[in-house]
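The values are calculated or read from the model by the stated rules, or taken from the named source; none is laboratory data. Quick caveat, the model's predicted, so the values are computed rather than measured. Ideal geometry is used to build each Cβ from the backbone, glycine not excepted, and the neighbour counts take in all protein chains shown. Accessible surface areas use protein heavy atoms only, side chains included; no ligands, DNA or RNA. Shrake-Rupley method; radii C 1.70, N 1.55, O 1.52, S 1.80 Å.
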Amino acid sequence: MICGGKPAIIADVIPEKSLLFPEYFRRQRSVEERYDPATIEPKWQQYWEERNLFRTDDDNACKKFYCLEMFPYPSGKIHMGHVRNYAIGDVIARYKRMQGYNVLHPMGWDSFGMPAENAAIKHNVHPSQWTYENISYMKGQLKKLGLSYDWDREVATCSPEYYRWNQWFFIKMLEKGLAYRKSSYVNWCHSCATVLANEQVIDTKCWRCDSVVVQKKLEQWFLRITSYAEELLSGCDTLSGWPEKVVLMQKNWIGKSQGAEVDFRVEAIDQNIRIFTTRPDTLFGATFLCLSPGHPLAEKLVADKDELEKVREHYGKVDEKVGLFTGAYCINPMTNENIPVYIANFVLMEYGTGAIMSVPAHDQRDFEFAAKYGLPVRQVISREQGAESKALKEAYEDEGILVHSGQFSGLHSADAKQKIADYLESKGFGRKVINYKLRDWGISRQRYWGTPIPVIYCNVCGILPVSEKDLPVILPEDVKFTGTGGSPLQESDAFLHTACPKCGGKARRETDTMDTFVDSSWYFIAYCLKQGTWDWGFGIGEKNSILANPQSQTANPLHYWMPVDQYVGGVEHAVLHLLYSRFFTRVIRDLGIIDVDEPFINLLTQGMVIKDGAKMSKSKGNVVDPDYLISRYGSDTSRLFSLFAAPPEKDLDWSDKGVDGAYRFLNRVWSVVQKYRDALKESSPAAAGADELSVGAKAILRKTHQTIRKVTADIEKDYHFNTAIAAMMELVNEMVSFEPGNRKEIQVYAFAAENLLLLLSPFTPHIADELWAQLDHKKNASEMPWPVWDEEIAKDEEFELVIQINGKLRGKLLISAGLTDDVVKERALKDSKVAELIGGQNIKKIIVIKGRLVNIVLGG
């Protein structure tokens, strides 16, 4: 680990070496050694592992950098999306180490979830065995990529050591009222007699038996994320290091809206139905009211329960409008009209009050429902005064001028919203409120392979949390996986039956397990703790645990490492995973364990890997096996291609030619070092000073400093690895064409070669360390400081450009020698004297003689 020191110019850290004979520099070395990644890469991976090169210590005296990629599900094999994701993170981690940071770069496994349970059903193997075998294989694959992980901090979320703390957090949230139980609708398959996750419902049918999936009301556990809705929303404004689109997705999911709650009186039952609306300006156009099938009044108002059940079967399916007239009417408080009350499948209990006023003229969903059931449509908003349509063909959903709205007619929507809300409050019909689209997080899953919810049910004492001293509640091994009949935990007598922690009487355990998003909502905090600091002694208590007693630690590593400085992962996790992580971070903060609000300072969402026009996937048959790629080309080539083919945030189009090109480039790097290897071993690199150098040597020296500057700038600015690699390719091209002829020139060549290897080190660490070692350095390239450039040397040489018009001298400019012809033409045309002479005349052509002159030819 490099810590505290400033980056050094190579000559500062490499001792002077002796040379044998001047003619030695002119003698090219025959390239006998072949670039063989199959030999090189295992050698260096073993070297790094034996020396614990990437193990991280909690050193409060050193500036830290926490680099993290989203951890994988152990599905059995890594794919090219993994390779790209982890290569991006590894470049950042290695670069920051070379800059002198104390870098935390961990890896683990998001190892609970449905696929393991499905595998148990299909292959008759326990989920634990299936999962840990996959972890072992995938870990080996990641090591083959040469990723600089601190494996001492590895976690697997399916281990009791980890999920114990899921249960502990749940109990703490239960104590604070942030965890609670209520009835909620779930996807239910009658044939399998089990609850299905959303991803198990395909075209409204069960993925396993093809039966129609219905909505069933069950008791579920929820986490009260809505208590943090406003803080999560306002916190979005602090996420300056996140992509704007991701921040916007977070804001939209939270969905803050200002509006009004309005009471519609149902006189038949002497009760109000309260609705929430963001458009009180449309109240005069409400011609019916819709309740969610789960609304408490649905059962009371509908006599035919079979018909109600039919609507519930379509609950939440917004593409199909299904309704049922209750037979009841309510009073629109603004028009004093009786309007019918319907049950509608598209009204969700999870938003607002579970009831909506329906304004078909100004809401397309209501418009389609009204058309289907023959309900009236009344336009009360017009684009402009007098422009309302007699017969709308679709809903007009924009704001405008109020019409047919009593004393509020003629007002614009913006004014009418406020005035109507004030009127409602003054009459006692309603009130102004702020609402959120965000709903509380339902974490109950009726499956086995997940964290057991630590709750006990006693007929005498009620619902009780498991005592902390009894954590973790361990998943039992004696379960059968049939795919039917609900949670397998219900069939385990040893698990199900227990004693009440309060009265000691007979009780039963909760058989639901937690949503696996719980596992991934705080794993980045777990990485900050070395194994052994968690107090894994079950039943011993929490006295030594940092999580349970953060203030008891003199140097709490959570305060040192958190928040994550750079997070890397797919944009598919831009909403729920990130939102839940932000929620959990605040809950853990309020427990006094950490002192940060946001978990991730910077976020990079890498693009997908595309082949044959589609995302790589087994179902499309377009997968490229990383193992094959590594065995044929080596992991450095695999890394280099994934980093060079596209900027990190863009999709990467797979190209076999691109992989070959990356491999050829590494062979060229190998050759430019091997060509003068013996001379380089005996030569001290010239870091500065160009006295008595040839034009070619000066150009190489300048290009090297420019490359250091370019690569550094590209990494620092949005991680433009592709352009950084392109700059290194340019340097290699110039080195190939340069032949040093004396001592100073070989020193310049050595300077270029050694800086090239250091710049390549984060990208292709195996070849960089191998060639660096072949130059007889005591430390390897991975342990060296990041190189710096000399701005004076990096500047392009300048020359005096002669500007001619029709062959006659008209001006002179001092410009850089490295400019392209197009830039030279542009500079010449912008010269004030030349521009004046040209005036409005037609330019036939512009002739550039590089390094000398520009001739602007005018003519008709």
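Examine the stretch 226-238 for a residue that is in contact with a helix residue (DSSP H, G or I) (Cβ under 6 Å, 6 or more places away or on another chain), touching a residue at least 60 places away in the same chain (Cβ under 8 Å), acidic (D, E) and on the phi < 0 side of the Ramachandran plot, and state whether such a residue exists.
No: the stretch 226-238 contains no residue that is in contact with a helix residue (DSSP H, G or I) (Cβ under 6 Å, 6 or more places away or on another chain), touching a residue at least 60 places away in the same chain (Cβ under 8 Å), acidic (D, E) and on the phi < 0 side of the Ramachandran plot.
Within the set of pairs 6 or more residues apart or between chains, which connect a residue that is over 22 Å from L223 (Cβ atoms) inside the stretch 451-479 to a residue that is assigned to a loop (DSSP other than H, G, I, E, B) and of a type in the set (S, T, N, Q) with Cβ atoms less than 6 Å apart?
P476/S492; D478/S492; V479/S492
Among the residues of the stretch 88-98, is any within 25 Å of the chain's Cα centre (by Cα), open to solvent by less than 10 Å² (accessible area, probe 1.4 Å), over 23 Å from K530 (Cα atoms) and at pLDDT below 95?
So far as the stretch 88-98 goes, no, none of its residues is within 25 Å of the chain's Cα centre (by Cα), open to solvent by less than 10 Å² (accessible area, probe 1.4 Å), over 23 Å from K530 (Cα atoms) and at pLDDT below 95.
Do you know which residues across the stretch 36-74 are surrounded by fewer than 15 Cβ atoms within 10 Å (Cβ to Cβ) and within 26 Å of P648 (Cβ to Cβ)?
Across the stretch 36-74, the qualifying residue is only K63.
Has the stretch 388-401 got at least one residue that is farther than 15 Å from H362 by Cβ and of a type in the set (S, T, N, Q)?
No; the residues of the stretch 388-401 include none that is farther than 15 Å from H362 by Cβ and of a type in the set (S, T, N, Q).
May I ask you to say which residue of R84, R153 is farther than 30 Å from D478 by Cβ and buried (at least 24 other Cβ atoms within 10 Å of the Cβ)?
Values: R153 fails: buried (at least 24 other Cβ atoms within 10 Å of the Cβ).
None of the other options fit; the residue is R84.
So that you can scan it fast, the table gives a plain yes or no per residue for (1) farther than 18 Å from C158 by Cα; (2) assigned to a loop (DSSP other than H, G, I, E, B); (3) touching a Leu at 6+ places or on another chain (Cβ under 6 Å):
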| residue | (1), (2), (3) |
| --- | --- |
| P476 | no, yes, no |
| L489 | no, no, no |
| T511 | no, yes, yes |
| I525 | no, no, no |
| C528 | yes, yes, yes |
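Can you find a residue in the stretch 431-442 that is among the aromatic types (F, W, Y) and open to solvent by 20 Å² or more (accessible area, probe 1.4 Å)? Full working, then the answer.
Taking the stretch 431-442 first, the residues among the aromatic types (F, W, Y) are 436, 441.
Subset that is open to solvent by 20 Å² or more (accessible area, probe 1.4 Å): 436.
Looking through the stretch 431-442, at least one residue is among the aromatic types (F, W, Y) and open to solvent by 20 Å² or more (accessible area, probe 1.4 Å).
Consider P376 against the criteria (1) part of a loop (DSSP other than H, G, I, E, B); (2) within 19 Å of D319 (Cα to Cα); (3) modelled with pLDDT of 95 or more: it satisfies all of them except one. Which criterion is unmet?
Tallying (1) part of a loop (DSSP other than H, G, I, E, B); (2) within 19 Å of D319 (Cα to Cα); (3) modelled with pLDDT of 95 or more, P376 fails exactly one: (2).
Would you say K182 is open to solvent by 40 Å² or more (accessible area, probe 1.4 Å), at pLDDT 80 or above, within 30 Å of P454 (Cα to Cα) and touching a Ser or Thr at 6+ places or on another chain (Cβ under 8 Å)?
Details: open to solvent by 40 Å² or more (accessible area, probe 1.4 Å): yes; at pLDDT 80 or above: yes; within 30 Å of P454 (Cα to Cα): yes; touching a Ser or Thr at 6+ places or on another chain (Cβ under 8 Å): no.
Taking the combined requirement at face value, the residue does not satisfy it.
What is the residue count in the stretch 785-806 for residues that are open to solvent by 20 Å² or more (accessible area, probe 1.4 Å) and either part of a loop (DSSP other than H, G, I, E, B) or of a type in the set (D, E, K, R) (or both)? Spell out how you get there, then give the answer.
First, the residues of the stretch 785-806 that are open to solvent by 20 Å² or more (accessible area, probe 1.4 Å): 785, 788-793, 795-800, 802, 804, 806.
In the following step, the residues that additionally are either part of a loop (DSSP other than H, G, I, E, B) or of a type in the set (D, E, K, R) (or both) were identified as 785, 788-792, 795-798, 800, 806.
So the count comes out to 12.
Considering only residues of the stretch 350-369 that are farther than 19 Å from S405 by Cβ and polar (S, T, N, Q), which is most open to solvent (accessible area, probe 1.4 Å)?
It comes out as Q364.
Select, from V568, V575, the only residue that is touching a helix residue (DSSP H, G or I) at 6+ places or on another chain (Cβ under 6 Å) and at pLDDT 95 or above. Steps first, please.
Working: V575 fails: at pLDDT 95 or above.
Only one candidate qualifies: V568.
Out of the helices (runs of 4 or more DSSP H) lying entirely within the stretch 33-128, which hold 1 or more residues that are under 30 Å from W207 (Cα atoms) and touching a Gly at 6+ places or on another chain (Cβ under 9 Å)?
Those helices (runs of 4 or more DSSP H) span 80-98, 114-123.
Hey, can you tell me all the residues within the stretch 312-332 that are part of a strand (DSSP E or B) and closer than 13 Å to P293 by Cβ?
Of all residues in the stretch 312-332, those part of a strand (DSSP E or B) come to 323-331.
Selection gives G323, L324, T326.
Any residue in the stretch 247-255 that is free of Cβ contacts under 8 Å to residues at least 12 places away in the same chain, open to solvent by less than 20 Å² (accessible area, probe 1.4 Å) and not in a strand (DSSP E or B)?
Yes, there is a match, as at least one residue in the stretch 247-255 is free of Cβ contacts under 8 Å to residues at least 12 places away in the same chain, open to solvent by less than 20 Å² (accessible area, probe 1.4 Å) and not in a strand (DSSP E or B).
Where residues in the stretch 370-409 are touching a residue at least 40 places away in the same chain (Cβ under 8 Å) and of a type in the set (F, W, Y), which of them is most open to solvent (accessible area, probe 1.4 Å)? Give the steps one after another, and end with the answer.
Pass one, the stretch 370-409, residues touching a residue at least 40 places away in the same chain (Cβ under 8 Å): 370, 372-373, 375-381, 399, 402, 404-406, 408.
Then drop every residue that is not of a type in the set (F, W, Y), which leaves 373, 408.
Numbers: Y373: 70, F408: 16 Å².
Going through the qualifying residues, I end up with Y373.
Would you point out which residue out of V347, V302, V341, V322 is surrounded by fewer than 21 Cβ atoms within 10 Å (Cβ to Cβ) and either in contact with a strand residue (DSSP E or B) (Cβ under 7 Å, 6 or more places away or on another chain) or free of Cβ contacts under 8 Å to residues at least 60 places away in the same chain (or both)?
Numbers: V347 fails: surrounded by fewer than 21 Cβ atoms within 10 Å (Cβ to Cβ); V302 fails: surrounded by fewer than 21 Cβ atoms within 10 Å (Cβ to Cβ); V341 fails: surrounded by fewer than 21 Cβ atoms within 10 Å (Cβ to Cβ).
Being surrounded by fewer than 21 Cβ atoms within 10 Å (Cβ to Cβ) and either in contact with a strand residue (DSSP E or B) (Cβ under 7 Å, 6 or more places away or on another chain) or free of Cβ contacts under 8 Å to residues at least 60 places away in the same chain (or both) holds for just one of V347, V302, V341, V322, which is V322.
If a residue has to be of a type outside the set (G, A, S), more than 22 Å from the chain's Cα centre (by Cα) and under 25 Å from S358 (Cβ atoms) to count, how many in the stretch 213-271 make the cut?
15
Anything in the stretch 696-728 that is under 30 Å from the mean Cα position of the chain (by Cα), within 26 Å of D678 (Cα to Cα) and open to solvent by 20 Å² or more (accessible area, probe 1.4 Å)? List them, or say none. I'd like the intermediate steps shown before the answer.
Of the stretch 696-728, the ones under 30 Å from the mean Cα position of the chain (by Cα) are 708-728.
Within this subset, residues satisfying the condition of being within 26 Å of D678 (Cα to Cα) are 708, 728.
Those that are under 30 Å from the mean Cα position of the chain (by Cα), within 26 Å of D678 (Cα to Cα) and open to solvent by 20 Å² or more (accessible area, probe 1.4 Å): none in the stretch 696-728.
Report, ordered by the first and then the second residue, all pairs with beta carbons closer than 8 Å, sequence separation of six or more or different chains, a first member in the stretch 773-786 that is among the charged types (D, E, K, R), and a second member that is open to solvent by 20 Å² or more (accessible area, probe 1.4 Å).
Between residues of the stretch 773-786 that are among the charged types (D, E, K, R) and residues that are open to solvent by 20 Å² or more (accessible area, probe 1.4 Å), the close pairs are D776/K681; E783/I2; E783/L53.
On the basis of being open to solvent by 40 Å² or more (accessible area, probe 1.4 Å) and in contact with an Asp or Glu (Cβ under 9 Å, 6 or more places away or on another chain), does K144 make the cut? Walk me through how you get there before you give the answer.
Working: open to solvent by 40 Å² or more (accessible area, probe 1.4 Å): yes; in contact with an Asp or Glu (Cβ under 9 Å, 6 or more places away or on another chain): yes.
Considered against the rule, which asks whether it is open to solvent by 40 Å² or more (accessible area, probe 1.4 Å) and in contact with an Asp or Glu (Cβ under 9 Å, 6 or more places away or on another chain), K144 comes out as yes.
Determine, yes or no, whether E161 is assigned to a helix (DSSP H, G or I), modelled with pLDDT under 95 and open to solvent by less than 20 Å² (accessible area, probe 1.4 Å).
Numbers: assigned to a helix (DSSP H, G or I): yes; modelled with pLDDT under 95: yes; open to solvent by less than 20 Å² (accessible area, probe 1.4 Å): no.
Answer is no for this residue.
Against the condition within 14 Å of K143 (Cα to Cα), under 32 Å from the mean Cα position of the chain (by Cα) and modelled with pLDDT of 70 or more, how does P74 come out, does it pass? Don't jump to the end; show me each part of the working.
Values: within 14 Å of K143 (Cα to Cα): no; under 32 Å from the mean Cα position of the chain (by Cα): yes; modelled with pLDDT of 70 or more: yes.
No; evaluated as a whole, the condition is false for this residue.
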